[in-house]
Amino acid sequence: MRYNEFKYLIKIIIIVLILSFFYFIFPYIDVIAYAIVFSYMALPIYNFIYNISKNRNLASILAVIIFVLPIILIGLYIIWLIVSYIINLDIGLFISYYKWLVGKYRLDNIINDEFIKKYGEDVIKYIVSKISSSLLSLGNLFIKILIIIFMTFYFLKDGYHIKDIILNITPHDYRSRLEIYLMYLHETYKNIFISCVNISIIITALAYIGYKLTFSPYPELLAIITGIFALLPILGSWMVYGSLALYYFLINNYYSAIFILIYGVIFLNLVPDFILRPYLVKKDTDIHPVLVIIAFLIAPLSLGVVGFAIGPLVIGALYALYLAKYRDKKI
């Protein structure tokens, strides 16, 4: 075999290996994205512990235990509560409430036995199928959570090596410019995701005020759970104050139900998403609020759960490129 032919063969093999690698990790791109996000969010804790202990392993373990594990455990606990509630659901309560609604609003002519027989079976089948598929996916969810925990640990512990690896495989002519860009990228990600933690703390304080005003049981615990839920995909703060509003409604405390619902929508959703988040992120990185809304709202709406991590990562990468190349003209 000639030298040129051998050289091309090696290049083809390398390309095939790289494509195979991306093919393997693509189904878990959300896991990698969340591990990156959590590692940046836990970075202040890691830096604080590392400055005291000078031990990267210890700092990474404690950062994961203090920051990442509580978020994941509370999310799993809530899922378990929902599943337990569905399993132990009191059908008689719903039947009684249904009869009360039908009698109160005189819906006998519309919602009768024929209507229930026609649509009730399909609704029950749909609900059962959704619950079954969700339960079957819990195993995959558990595996993804374990991967996120371990990857977050290694990103914190060995993240500084990633920059060296990228620079080592970069052609010499582009190395200095890429190093500058990676510096901008690191600072942008750090500021964006640490701002999320600041928003979570503010939401916790606002939630505590709202729960205190309605004399809610365990307002401190509810406020902490609300603040942590504000960091979770899909399971946002609305699940906590919405559940509390539903509880007040069921016990006929309509004033508290309406108040906590309005208070939650305004101060725990609208104010954080449209005022606090753009202000805090803009303050640190000068990102326009429209870009912040695209990263934290539009991306999740377009991509689903994975959008909560990929949206900020993509916007942060693009904005770091703008800062380094066009604003500061460093590359």
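The values are calculated or read from the model by the stated rules, or taken from the named source; none is laboratory data. Since this is a predicted model, take the numbers as computed values, not measurements. Quick reminder, even Gly has a Cβ in these numbers, built from the backbone with ideal geometry, and neighbours come from all protein chains shown.
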**Prompt:** Out of the range 1-45, which residues are among the aromatic types (Phe, Trp, Tyr) and in contact with a Ser or Thr (Cβ under 9 Å, 6 or more places away or on another chain)?
**Reply:** TYR34, PHE38
**Message:** Looking for something closer than 13 Å to GLY159 by Cβ and in contact with a Phe, Trp or Tyr (Cβ under 9 Å, 6 or more places away or on another chain) - is there at least one such residue anywhere in the range 26-34?
**Reply:** no
**Asked** For the range 274-296, does any single residue satisfy the condition of being touching a Gly at 6+ places or on another chain (Cβ under 7 Å) and buried (at least 20 other Cβ atoms within 10 Å of the Cβ)?
**Response** yes
**Prompt:** Is one or more of the residues making up the range 258-271 of a type in the set (Val, Ile, Thr), touching a helix residue (DSSP H, G or I) at 6+ places or on another chain (Cβ under 6 Å), in a helix (DSSP H, G or I) and closer than 30 Å to GLU179 by Cβ?
**Reply:** no
**Matching helices (runs of 4 or more DSSP H) fully within the range 1-62 where at least 3 residues are more than 30 Å from PHE193 (Cα to Cα)** = 3-25
**Message:** For the range 233-277: of the residues being of a type in the set (Phe, Trp, Tyr) and within 26 Å of GLY307 (Cα to Cα), which is nearest to the chain's Cα centre (by Cα)?
**Reply:** TRP238
**Request:** Identify, from the list ILE228, ILE234, the residue that is modelled with pLDDT under 90 and part of a helix (DSSP H, G or I).
**Result:** ILE228
**Prompt:** Would the range 47-67 turn up any residue that is surrounded by 14 or more Cβ atoms within 10 Å (Cβ to Cβ), in contact with a Cys (Cβ under 7 Å, 6 or more places away or on another chain) and at negative phi?
**Reply:** no
**Prompt:** Which one of these is among the small types (Gly, Ala, Ser) and closer than 17 Å to ALA317 by Cβ: SER195, SER216, SER176, SER200?
**Reply:** SER195
